[in-house]
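Read the structure below first, then the notes.
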Amino acid sequence: MQERRKIYTSFHELSPSEYMYFPKGTLDAGSPGKFSQTEITHLLLAMGVLTIAFSFAFTGSSLRSGFNNIQALPLALPISFLGILTAFFVHELSHKFMAQKYGLWSEFRMYPRWLLLSLFFAVFTGFVFAAPGAVMFRGETRNFEMGRIAAAGPLANIVIAAITYLLYRFVFFETPFGKFLGFICLINALLGTFNLLPFGSFDGMKVIRWNGIVWAALFIIAIVMMILIFPIAPLF
């Protein structure tokens, strides 16, 4: 028997500080496919910071290494941007559109402190700990809706990783375009696996609460993609 949607009067799972992220006049962005100017700004800032962070990480150009591969950054930046566009951007939009499908007001909001921390770690250590932000939505959800919204992001990453892996490994291997495909595959496999970890507020825990079998299937596929791409992943 399906759960009945509750009538809600407050923002769902939002702290007071997060509530303030919803400026007056943006609630029409809850319509399917709609974006507010605030959301677009947050997405662009998050993507910019992640692009720089991943460029430092994948070139090994960190303070710890003495910036010994800094000359590779100009090439790494546009490739990293395209990787972030196909991984992070698609992941977050998959959450957003699934929430909108269920009639919820939904927008992405960045976490400024975590973005700065991600950039700091990448520049100083060459390691990226990415927690750029999250898609937030207004209203209480039924359990299966929350699970499907959470699963949409990692599922998008897995699909992209699978397609780009096949193209990279069997069509464009050891070609300039293949290097780009391999990088996209790696970023998506990493992001999908990371978000499916069954901890805290990660997508994985929300999917488990809805359907453990779905979570196990997604997590196993994400791990397999990591095992396949990691040994042959192209770096700069």
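Values as computed for the structure displayed
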quantity: Candidates per trypsin sites (Lys or Arg not before Pro) in the stretch 33-131, loop by DSSP, up to 13 other Cβ within 10 Å; calculated: R64
quantity: Cα centroid of the stretch 157-200 to Cα centroid of the stretch 78-145, whole Å; calculated: 18 Å
quantity: Local electrostatic count at L191 - Lys and Arg +1, Asp and Glu -1, tallied over other residues with Cβ under 11 Å; calculated: -2
quantity: Estimated vicinal HN-Hα couplings, Hz - the stretch 142-151 in sequence order (Karplus 6.51, -1.76, 1.60; Gly, Pro = x); calculated: 6, 4, 5, 5, 4, x, 6, 4, 5, 6
quantity: Segment I163-L117, extension gain: residue separation times 0.36 nm, minus the distance between their alpha carbons; calculated: 13.4 nm
quantity: Calculated from backbone phi, Karplus (6.51, -1.76, 1.60) coupling profile of the stretch 68-83 in Hz, x at Gly/Pro; calculated: 6, 10, 5, 5, 7, 4, x, 6, 5, 4, x, 5, 5, 4, 5, x
quantity: Two-site label geometry, A72 and E174: point separation in nm, points 7 Å out along Cα→Cβ; calculated: 1.9 nm
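Bear in mind these aren't lab numbers, they're just calculated from the coordinates by the rules spelled out. The shown structure was predicted, so the numbers you read here are calculated from the model rather than taken from an experiment. With ideal geometry, Cβ positions are generated from the backbone for all residues, glycine too; neighbour counts draw on all protein chains shown.
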